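Here the structure comes first, spelled out in structure tokens, and everything after it is commentary.
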Number of protein chains: 2
Amino acid sequence: MKKIGVALLGLGVVGGGTYQILTDNHQNIKKNQGLDIEVLHIIEKNTQRCQQMGVDMSIVSTDIDKVANDDRVHVVAEFFGGIEPAKSYLIKCLLNGKSVVTSNKELISKHWPELESAAKKGKAGVYFEASSVGGVPIIRTLTESLQGDNILSIKGIVNGTTNYILSKMDGENQDYATALKKAQELGYAESDPTADVEGFDSTYKLSILSTLAFRTKVPIDIIYREGISKVNKIDMDYGKAFGYTLKLLAIAKKVDGKIEARVHPTFIPSEHPMATVKGSFNAVMINGDSVGEVMLYGRGAGALPTGSAIVSDIVFAAKKTKHQYSSFKNSNDVSLKNFSKDFKAGYYMRMTIIDIPGALASVAKVFAKNHVSVKTMQQLSGATEDRVNAIFILHKTKESNIIKARVGLKQLECVAGIEAIIRVEE
Amino acid sequence: MKKIGVALLGLGVVGGGTYQILTDNHQNIKKNQGLDIEVLHIIEKNTQRCQQMGVDMSIVSTDIDKVANDDRVHVVAEFFGGIEPAKSYLIKCLLNGKSVVTSNKELISKHWPELESAAKKGKAGVYFEASSVGGVPIIRTLTESLQGDNILSIKGIVNGTTNYILSKMDGENQDYATALKKAQELGYAESDPTADVEGFDSTYKLSILSTLAFRTKVPIDIIYREGISKVNKIDMDYGKAFGYTLKLLAIAKKVDGKIEARVHPTFIPSEHPMATVKGSFNAVMINGDSVGEVMLYGRGAGALPTGSAIVSDIVFAAKKTKHQYSSFKNSNDVSLKNFSKDFKAGYYMRMTIIDIPGALASVAKVFAKNHVSVKTMQQLSGATEDRVNAIFILHKTKESNIIKARVGLKQLECVAGIEAIIRVEE
């Protein structure tokens, strides 16, 4: 029986979940995987938490050198989050030949190249299934399946907090502030919700997934980002009437050899499989040139779902006789010519029009001038008698055309305001 | 660069798709996977098909010994379908140290133990991602992810033909015969559709998936099987009114340490993610004790989706320095004490009641006597004035109770007929 020594850096939510799975399922993993996994070290300041979890306190310390210098340790699982000290600690362990497993999406999206470089030197591996969409095996699908496919696109609901908020706004008629408050009460959202609601968390995950899918480093700073904090419930309702459901989507596509990557509120057809992904669930749809559309769905966060992915990576790493490294130039120093500055989407636009003769003709003229074609238009009663709410569903066009059209529209006397522009993916 | 010699046994739909992917994506696989994959042999009688596919005819033959005795061949991919000659050919190749990749679900569900035994002798591997749900990486998810989870259940729409037919009946108001005919015209159903519509194909796949999930051989003959040929559109419509959608589900669960496995038409809540799986798409939901619910969705059949899984397995097998074998007793000679004879489900029951005083009370009495509890009941106008259609939605109970209740109900004077019993999974 192969003995595998493990160190856990941090015993918070996911660290605790991992410890629990390794303890509860120890015999099963032994029997099914032929691995006798033992937790040899826990690096955690909060000794009370360790006691609550029933940990043997003699393995708890705050000294990373105990881990890095222990020859019995094969795999180090990190749960600190953030960049430091996680990065220095992991590099130290990698250089000493210990494989690293992490759920730290910020670290992987920003510093995978450095970690991989240390891993190569130490002949160790870096595994991060848990960093993207919790227990859902999306990383393994990209690395161990679809090897013969050219990936054309990835679209995902990769953040449970925002999906919970949007589901509440959609299903229970709550406005953004109420839904956010509810999410905070339930522990789905942090007291400072910025990382989730402004889309940062989604860009980390999209960076990781699109890098693996397109085998080109996609740094977070080339990803267009727009969160959900400015979403109005009224647009979700109007969209619904046109057959759309609003989701915060992370999208990466390869178009004409260039990669586009973006995170923003997106209308998708209500009968699309991703439209039915509710609450804190996540889903990622991959489109490959051979396999077509494949979607993976499940819990993107939580102690046990994320812990499940960590344990899977520990087993996966422990069984490797030789670790694999990326077959592309894995560096944050990328050429911008690999990436699109512009992209194409459908658009939903809501504006307030002053009801004067020829108003609609003027609007239509600005659209036409900027190569924007109207698919559907609907006028709804507005705030006052002389104003109407006009909803335009626009055919697929370049984002740059929409930006130009918006400038033109704002100059029109009959346009009192453009209240919402939401991208549409069919 | 590692050179990998491949032999294709058969160049039909999936064999052709595989050949196409290996040809079109040859350079990409070389670059991304570090493998130079060359097709060295094609075993195919239909030389015309080979010519149409643009194959170098010097590699086409009908002689398996050419494959088995060629030291340059590392992986043999089989597309014959059925048991023989596939089984003998593959065993011959395995004994000679060639790994085997196959989409042959009947062969794997019936003869995996013999194939694995030959593989062990030849130090080769048997890979069958393509045998279940085409390009969807469900096998890899069970073997390379979720290693720390105890799988509690698997539920899946694993047959595209029947899902296409049920979707047509549901969405386009067609009866079973019309929908089947349409499926046959489009090539989704065979001229003899028995294997699909009577659920045999689904039992093969469920046998494979549940064997991997529960690490116990689940032979096809212990799987309860009921197809869709007796499904009435009227029950789909009535079910819809109660919030249910009808699917042919393959279900395997571990309950009180015993495995239950069954394939039958099933009502699921219309808001369940699997209810939105339309047309020829497939989906499988796995429930693990740590990960919770994970669903995989995609195309379960077709030249390129299934070819994608075959190519993935070829790459996966080619990269293995040592093949893994099942960690459980892999034998068709199983102890029946591992399997439940009975199972629990919710039920939908439609019967014709003769409208005499006390009729409903008599029916209710039979249910109560057999531990069947009514959740909802609705009476609808029947064929004649003195007869009503009664729909009962029954709480979760043992199948054996329902069978006994049905016997009791049939003996009642007021029950003219029991037209439909459909299981409900929440």
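A few points about this structure:
- Net charge in the neighbourhood of B:Asp235 (other residues with Cβ under 15 Å of its Cβ; Lys, Arg +1, Asp, Glu -1) is +1.
- Rounded tilt (10° steps) of B:359-369 against the dominant C-alpha axis of chain B: 50
- The phi-based Karplus calculation (6.51 cos²θ - 1.76 cosθ + 1.60; θ = phi - 60°) puts the 3J(HN,Hα) values of segment B:282-292 at 10, 7, 10, 10, 10, 10, x, 5, 9, 6, x Hz, whole numbers, x for Gly and Pro.
- Solution diffusion estimate, µm²/s, Stokes-Einstein, segment B:344-424, Kirkwood Rh from C-alpha pairs, 37 °C, viscosity 0.692 mPa s: 265
- The protein assembly as shown - charge dipole about Cα centre, Lys and Arg +1 at Cβ, Asp and Glu -1, debye rounded to 20: 1400
- Scaled to the globular estimate 2.2 N^0.38 Å, the Cα spread of the protein assembly as shown, given as radius of gyration, is 1.01.
- Charge dipole (the protein assembly as shown, unit charges on Cβ, about Cα centre) - positive-most of B:Ile259, B:Gly10, A:Ile91: A:Ile91
- Neighbours of A:Lys168, meaning other residues whose beta-carbon lies under 12 angstrom from its beta-carbon, give a summed charge of 0 when Lys and Arg score +1 and Asp and Glu score -1.
- Over all other residues within a Cβ to Cβ distance under 14 Å of B:Gly122, the charged ones net out to +4, with Lys and Arg as +1 and Asp and Glu as -1.
- Label-to-label distance for B:Lys181 and B:Asp355 is 3.5 nm, based on points extended 7 Å past Cα in the beta-carbon direction.
- 3J(HN,Hα) couplings calculated from phi for segment B:126-139 with the Karplus curve 6.51 cos²θ - 1.76 cosθ + 1.60 (θ = phi - 60°) are, in sequence order, 10, 10, 8, 3, 6, 6, 10, 6, x, x, 6, x, 6, 5 Hz; Gly and Pro show x.
- A:His272 accessible area, assembled protein chains, probe 1.4 Å, Å²: 30
- Long-range amide H partners of A:Ala124 with built H, under 5 Å: none
- Amide H to amide H distances under 5 Å link B:Arg225 with B:Val263, where only residues 5 or more positions off or on other chains count and H is placed in the peptide plane.
- Peptide A:29-38 has a mean of 2 when you count, residue by residue, the C-beta atoms of other protein chains within 10 Å of its C-beta.
- Backbone HN-Hα couplings from phi across segment A:303-316 [Karplus 6.51/-1.76/1.60, Hz, Gly and Pro as x]: 4, 7, x, 5, x, 4, 5, 4, 5, 4, 5, 4, 5, 4
- B:Lys320 accessible area, 1.4 Å probe, all protein chains in place, Å² to nearest 10: 60
- Label-zone membership for segment A:272-294, site B:His26, 7 angstrom Cα→C-beta point, backbone N under 18 Å: none
- Inter-label distance for B:Glu190 and B:Ala364, nm, one decimal - labels placed 7 Å from Cα along Cα-to-Cβ: 5.0
- Within chain B, helix-based [θ] at 222 nm, where runs of 4 or more DSSP H residues each add -39,500 (n - 2.57), nearest 500: -11000 deg cm²/dmol
- Packing-based ranking, highest mean first, of B:419-425, B:46-52 given that Cβ atoms within 10 Å are counted: B:419-425, B:46-52
- For segment B:368-401, backbone nitrogen atoms closer than 11 Å to the point 7 Å from B:Glu413 Cα along Cα-to-C-beta are found at no residue.
- Lys, Arg +1 and Asp, Glu -1 on Cβ, resulting dipole of segment B:138-299 about Cα centre, debye, nearest 20: 180
- Peptide B:93-100, shielding by other chains (average Cβ, 10 Å cutoff): 0
- Cα gyration tensor shape of chain B, rounded if a/c is under 1.5, else prolate or oblate by comparing a/b with b/c: prolate
- For the peptide B:292-305, the mean number of other protein chain Cβ atoms found within 10 angstrom of a residue's Cβ is 6.
- Only the Cβ atoms of Lys and Arg (+1) and of Asp and Glu (-1) were treated as charged; on that basis the dipole of segment A:1-136 about its Cα centre amounts to roughly 300 debye.
- Extreme residue, positive dipole direction of chain A, given options A:Gly288, A:Ile268, A:Ala359 (C-beta unit charges): A:Gly288
The values are calculated or read from the model by the stated rules, or taken from the named source; none is laboratory data. These figures come from a predicted structure and were not determined experimentally. Cβ atoms come from the backbone with ideal geometry, glycine included; neighbour counts cover every protein chain shown. Calculation scope for accessible area: heavy atoms of the full protein, side chains included, ligands and nucleic acids excluded. Shrake-Rupley method; radii C 1.70, N 1.55, O 1.52, S 1.80 Å.
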